[in-house]
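Readers should treat all values here as calculations from the given coordinates under stated rules, not as data from a laboratory. It should be emphasised that the depicted structure is a prediction, and the values quoted were computed from it without experimental measurement. Note: ideal-geometry Cβ built from the backbone for every residue, glycine included; neighbour counts use all protein chains shown.
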Amino acid sequence: MKTEIRIGGFGGQGVILAGIILGKSACLFDGKEAVQTQSYGPEARGGASKCEVVIGDSQIDYPKVQSPDIFVAMSNEALTKYIVDLKDNGTLIVDPGTTDVSDVQDFIDEHNIKVFEAPATKTANDDIGLKIVANIVMVGAITKITEVISKEAAIKAIEASVPKGTEEKNIKAFEAGYNLI
Amino acid sequence: MSEEFFIQGNEACAKGAITAGCRFFAGYPITPSTEVAETLARDLPKVGGSFVQMEDEIGSAGAIIGGSWGGAKSMTATSGPGISLMQENIGYAFMTETPIVIVDVQRGSPSTAQPTMAAQGDMMQARWGSHGDYEPIALSPSSVQEFFDFTIRAFNLSEEYRVPVFVMADEVIGHMREKIVVSDDIEIVARKRPESSDNYLPFENIENGTTPMPAFGDGFNIHVTGLTHDERGYPDTNDPETHDKLIQRICDKILNNKDKICSVQSKNCEDADVVIVSYGAPVRSVVEAVNKTDKKVGYIKIDTPWPFPDEQIKQLCKNASDVLVVEMNLGQMYYEVERVLKDSNVHLLGKIGGLLPTPDEILDEIDKIGGN
């Protein structure tokens, strides 16, 4: 059993860290196997950024995502560019603050996609007061919606991945995302 | 006891280097290898080591040669454009029998081509990049764990044989994150140092072997030169026999120990119609393809592209009607396989552009070849 996850956004949003946390949760704290890969442009911020995670019960050979079971879009550019790879009956999670789902409504209808809206950027701004934790809010939403990693593992992985001194804010962001759905 | 980490290939390489005893890194950052330098810049000083960001790549290669003769296990990390610029000093390291480790995280090439995309275009440059006759050792990791393990093995081999060793990774393995397990029981080869200067010859003509190596400052009066030298290290450039003996020994110490150096992993080769040969990241796609198909397909994963494992390839392919080489270039190790398997049908799936060949692309190629 393998689950393929793709997270797309723009550079600076932390989509790669979100993927790392998913992979770390699965590997180090849920007893599963995971591989995380990424692609990015030469720009540090603002360019397209894509992070992929494959989580499985046994060894993962081919490390890249071929057709994701779960697609998380944090920018409209990523949404419209990568939606076509999503599996039939797949799960789409979008941040309504940075995407417009109506742009891909035809695909959603044709392929019976389950759509979830997680206002990660707004929640990060309003509830935590820190726009930069939107990625961690999104990890909370992904955890709740997909159950691909356990909540306990996610919290341990966040504590192990974020800069020292920011753990509390990040866990708060995770909880806020978890409770969005 | 062991510890687990979920880290990038490049971070695992740096961790492996420190575990192997590397205490000097000189380099010039380049995508997709930069995280090796970044990690060592942070972590080397914590273990009493030194990190220098050099002015360029040829300087980096020179600095690690100096670091090694200063007594520290030394390494650099770069990508294709940097390997090109280092070649003059890499040749000097072979001629002076200086143990160094050179990590090449390969990207789209030639020239500066594709900084953030994967390739395996530097394989022949590791083999023949500098001028003259010499025998390099190169290791190609296919996982983050192997990038850690092979970096350690690279240091061990370089100390054992007093030779530059390449770790030929690629962007996929360098940037991907996986779990690694670090045991606290890892074999590390310490540098052999001469005990006394009485009758000591730094380049002694020992059959298949190498002499212990002192560090500058140990009090030995020796000379290190890229010119053809006698056993003392003194230039002797006009005597054909001196040159012949020296270069033969530099080559033979690797070639005559191939059974100890060469390593491959394989599956289902005994009764396979088609055997797939690959190394580095494409192995991941090959393994998935072989596990997916009902056809009689086996695979060989080459851990050590150099020296090329002739005997293992011959042995494992002896029952196959066809052999398919999968690599991310337009044919480099393919010609080595062809050289070794003169009487077999050797095919190439060479993919450039920066993306891993997919398992389906490999299975399509098997269909074309006509495997049953």
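The trypsin sites (Lys or Arg not before Pro) found in the stretch A:85-181 that occupy coil by DSSP, while having at most 13 further C-beta atoms within 10 Å, are A:164.
Magnitude of the charge dipole for the protein assembly as shown, about its Cα centre and with charges confined to Cβ atoms of Lys, Arg (+1) and Asp, Glu (-1), is about 820 debye. Over the Cα atoms of the stretch B:58-105, what is the Rg over Rh ratio if Rh follows Kirkwood? Ratio of gyration radius to Kirkwood radius for the stretch B:58-105: 0.93. Diffusion coefficient of the stretch A:47-101 by Stokes-Einstein, Kirkwood radius over Cα pairs, 20 °C, 1.002 mPa s: 175 µm²/s.
Against the empirical curve 2.2 N^0.38 Å, the C-alpha radius of gyration of the protein assembly as shown lands at a ratio of 1.05.
Fewest-first ordering of B:124, B:1, B:328, B:168 by other beta carbons within 10 Å of each residue's beta carbon gives B:1, B:124, B:168, B:328. For the peptide B:175-182, the mean number of other protein chain Cβ atoms found within 10 angstrom of a residue's Cβ is 6. Counting only DSSP H runs of at least 4 residues, each contributing -39500 (n - 2.57), and dividing by the residue count of chain A, the helix-based mean residue ellipticity at 222 nm comes to -10000 deg cm²/dmol.
Once you mark the GluC sites (Glu not before Pro) that are in a DSSP loop and have at most 13 other Cβ atoms within 10 Å, what is the longest gap between them in chain A?
Details: sites that count: A:43, A:147.
Here the longest segment lacking exposed loop sites spans A:44-146.
With the cut-off at under 20 Å, measuring from each backbone N in the stretch A:112-134 to a point 7 Å along the Cα-to-Cβ line of residue A:179 picks out A:117-134.
What residue among B:33, B:344, B:142 shows peak mean-square fluctuation when chain B is described by a Gaussian network model with Cα springs under 10 Å? With Cα springs under 10 Å in chain B, the top fluctuation among B:33, B:344, B:142 is at B:344. Spatially close Lys pairs in the stretch A:112-179, defined by Cα atoms under 17 Å apart and a spacing of eight or more places or different chains, total 14. Note on chain A: Cα convex hull, mean projected area over all directions, 9.5 nm². Here the calculated FRET efficiency for residue B:232 and residue B:367, from their Cβ-Cβ distance with R0 = 56 Å, stands at 0.35, rounded to the nearest 0.05. Build a GNM of chain B with springs between Cα atoms under 10 Å apart, and of B:216, B:25, B:308 the one that fluctuates most is B:216.
When +1 charges are put on Lys and Arg Cβ atoms and -1 charges on Asp and Glu Cβ atoms, the dipole computed for the stretch A:26-106 relative to its Cα centre reaches about 220 debye.
Per residue of B:110-116, other chain Cβ atoms within 10 Å of the residue Cβ number 1 on average. Relative to the current alpha-carbon distance between residue B:315 and residue B:339, full extension at 0.36 nm per residue lengthens the span by 7.2 nm. Let me know the shape class of chain B, please: from the alpha-carbon gyration tensor, a ≥ b ≥ c as square roots of the eigenvalues, rounded when a/c is under 1.5, otherwise prolate if a/b is greater than b/c, or oblate. Prolate, since a/c reaches 1.5 and a/b exceeds b/c.
Neighbouring Cβ atoms from other chains, within 10 Å of the Cβ of residues in A:57-66, number 6 on average.
Compare A:23, A:140, A:47 in a GNM of chain A, Cα atoms joined below 10 Å, and give the one with the largest fluctuation. Checking each option, the largest mean-square fluctuation is seen for A:47. Here each label is just a point 7 Å from Cα along the line to Cβ, and for residue A:117 and residue B:241 those points are 9.0 nm apart.
The helix-only estimate of mean residue ellipticity at 222 nm for chain B, built from DSSP H runs of length n ≥ 4 each weighted as -39500 (n - 2.57), is -11000 deg cm²/dmol after division by the residue total. For a Förster distance of 45 Å, can you work out the FRET efficiency between the beta-carbons of residue A:130 and residue B:112, rounded to the nearest 0.05? Efficiency for this residue pair is about 0.75.
At 0.36 nm per residue, and after removing the present C-alpha to C-alpha distance, how many nm does the segment from residue A:109 to residue A:160 gain when stretched out fully?
14.4 nm
Take every Cα pair under 8 Å whose residues are at least 6 apart in sequence, average their separation, divide by the length of chain B, and the relative contact order is 17 percent.
For the stretch B:1-127, the C-alpha radius of gyration sits at 1.02 times the compact-globule guess of 2.2 N^0.38 Å, with N the residue count.
Please report how far the C-alpha centroid of the stretch A:42-120 lies from that of the stretch B:316-348, rounded to the nearest whole angstrom. What the calculation gives is 39 Å, centre to centre.
You can think of it this way: the chain between residue B:195 and residue B:225 has 8.5 nm of extra reach, that is 0.36 nm per residue less the Cα-Cα gap.
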